[in-house]
Ligand SMILES: Cc1cc2nc3c(=O)[nH]c(=O)nc-3n(C[C@H](O)[C@H](O)[C@H](O)COP(=O)(O)OP(=O)(O)OC[C@H]3O[C@@H](n4cnc5c(N)ncnc54)[C@H](O)[C@@H]3O)c2cc1C
Ligand code: FES
Ligand code: FES
């Protein structure tokens, strides 16, 4: 049987389709993650709901002290958008190092957060920035921090009638750095990634690609409270993160290797922050 | 389902399952064999097509997503396109498997950036893999094509 293809143009229509089709309706954003699943026979959707033509989903807007990024904004746009570069350059720096230009042309911020791959770059960055997502359904709307959105590898709190419509990033950071440590080719996913953000609420450090979800430890970040960042403090926090994390082993590095890289990369990210 | 789009300047309509990947429909129903499937996971670049002006992995895009869009493959270029000439002059080809996608990606690069640096070339072609390892000569070909200029 042929797959049903829906191409809604309004938010109301998407939410209605989502409510009607439930788990039989697969949302398609850039398709770069879905395509891999479909080609490998892991997924054969009964119905596909394309988000490509929904009005308003590609908007980038400043809203007071926050940045609102529509779910369908592509990696490529985030890499080059002048407002993003001016307001929060770490977002551009992070999306610029994902995959290759062909993938970045289509992959979206909503797609990468909804697929919740452990080895993606943007989740750690968004968590360090204390970003939240808007989840909408026909029956309501809620906001969830990216920290709470991602539960584990490929697992989020998004319900089967919900759509991630927007990402909201506070703009209160005084410094922010994203570091991607690769062990294979330039366009590969990270072995270890570190996002470090100094914001009004304090320091936030998230380490990606080392566990089922990005790792952030608020008690360790609190060591920076009232202290100026210097190489001693950077080393202390790096060591504490490495001790706390029990890293996975995959083709990009063993657990023991990752532990050493975490200590070094967290230290470097914090030294970059201070520089 | 019937899916209508523009292919290399001509309107086409295909009758197929919208979940089929563009790669298989281009090669099958549309007879365009310059797009080539290898990895099927967006890594190698041999399946590159241009959709609404953007390089795209045809192995990852369900053909349903092409409805109403403008699709281009290397076949859209004139045979005397400076990029094609430059690849031949620079001897940037061995088996040729990766070359249609390389030429298409380079054509697009030069339209956006007529005089790219080595770094910019490497960035634009990151993800276009050449198993024969012609990378250095491909980079020479890009500089050569840049010197020839874009077609009017
Ligand atoms: C070759 C290759 C290399 C890669 N390298 C990297 C890398 O280095 N770093 C990195 O971070 N990532 C990498 N990726 C992953 C890439 O970032 C993701 O595939 C991409 O971001 C997914 O976005 P998409 O818009 O294509 O999502 P899609 O494939 O369209 O969707 C992904 C999932 O999210 C769901 N979904 C999509 N949008 C929404 C929404 N708005 N609301 C609710 N659910 C939604 C879909 O149903 C699907 O389950 C790579 C991918 C490829 C193919
Ligand atoms: S076949 Fe599409 S990128 Fe390799
Ligand atoms: S010339 Fe053989 S793969 Fe590139």
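The values are calculated or read from the model by the stated rules, or taken from the named source; none is laboratory data. As the structure is a prediction and not an experimental result, all values here were calculated from the model. As a convention, Cβ positions derive from the backbone with ideal geometry for all residues, glycine included, and neighbour counts pool all protein chains shown.
Scanning region A:123-142 for residues that are touching a residue at least 40 places away in the same chain (Cβ under 8 Å) and within 14 Å of residue A:91 (Cβ to Cβ) yields A:123, A:124, A:125, A:126, A:127, A:128, A:129, A:130. Taken over region B:123-152, the residue count meeting the criterion of being assigned to a helix (DSSP H, G or I) and more than 16 Å from ligand 1 (Cβ to nearest atom) is 14.
Quick grid of which residues meet (1) at pLDDT 95 or above; (2) more than 14 Å from the chain's Cα centre (by Cα); (3) within 11 Å of chain A (Cβ to nearest Cβ); (4) more than 17 Å from residue B:98 (Cβ to Cβ):
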{"position": "B:4", "(1), (2), (3), (4)": "yes, yes, no, yes"}
{"position": "B:9", "(1), (2), (3), (4)": "yes, yes, no, yes"}
{"position": "B:14", "(1), (2), (3), (4)": "yes, yes, no, yes"}
{"position": "B:18", "(1), (2), (3), (4)": "yes, yes, yes, yes"}
{"position": "B:21", "(1), (2), (3), (4)": "yes, yes, yes, yes"}
{"position": "B:33", "(1), (2), (3), (4)": "yes, no, no, no"}
{"position": "B:37", "(1), (2), (3), (4)": "yes, no, yes, no"}
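I'd like to know if region A:205-217 contains one or more residues that are surrounded by fewer than 20 Cβ atoms within 10 Å (Cβ to Cβ), farther than 26 Å from residue A:75 by Cβ and modelled with pLDDT of 95 or more. So far as region A:205-217 goes, yes, one or more of its residues are surrounded by fewer than 20 Cβ atoms within 10 Å (Cβ to Cβ), farther than 26 Å from residue A:75 by Cβ and modelled with pLDDT of 95 or more. Just so you know, in region A:75-121 the residues that are out of contact with any strand residue (DSSP E or B) (no Cβ under 9 Å at 6 or more places or on another chain) and farther than 18 Å from residue A:189 by Cα include one that is surrounded by the fewest Cβ atoms within 10 Å (Cβ to Cβ), and it is A:82. Taking region A:104-130 as the range and being over 9 Å from the mean Cα position of the chain (by Cα) and within 21 Å of residue A:270 (Cα to Cα) as the test, the residues that pass are A:128, A:129, A:130.
Looking across A:124, A:199, A:195, A:131, one residue alone is buried (at least 24 other Cβ atoms within 10 Å of the Cβ), out of contact with any helix residue (DSSP H, G or I) (no Cβ under 8 Å at 6 or more places or on another chain) and within 21 Å of residue A:85 (Cα to Cα). It is A:124.
Of all residues in region A:154-211, those being under 30 Å from residue A:56 (Cβ atoms) and not in a loop (DSSP other than H, G, I, E, B) number 19.
Which of the residues belonging to region A:87-97 are away from every other protein chain (no Cβ under 11 Å) and within 15 Å of residue A:122 (Cβ to Cβ)?
If the condition is that a residue be away from every other protein chain (no Cβ under 11 Å) and within 15 Å of residue A:122 (Cβ to Cβ), then A:88, A:89, A:90, A:91, A:92, A:93, A:94, A:95 are the ones that fit.
Results for (1) within 23 Å of residue B:57 (Cβ to Cβ); (2) more than 14 Å from every other protein chain (Cβ to nearest Cβ), shown as yes or no for each residue.
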site	(1), (2)
B:77	yes, yes
B:98	yes, no
B:101	yes, no
B:117	no, yes
B:131	yes, no
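Among the residues of region B:81-96, are any within 15 Å of ligand 2 (Cβ to nearest atom) and in contact (Cβ under 8 Å) with a residue 24 or more places away in the chain? Looking through region B:81-96, none of the residues is within 15 Å of ligand 2 (Cβ to nearest atom) and in contact (Cβ under 8 Å) with a residue 24 or more places away in the chain. The condition (being closer than 28 Å to residue A:42 by Cβ and either within 16 Å of ligand 3 (Cβ to nearest atom) or in a helix (DSSP H, G or I) (or both)) is satisfied by just one residue among B:59, B:30, B:95, B:39: B:39.
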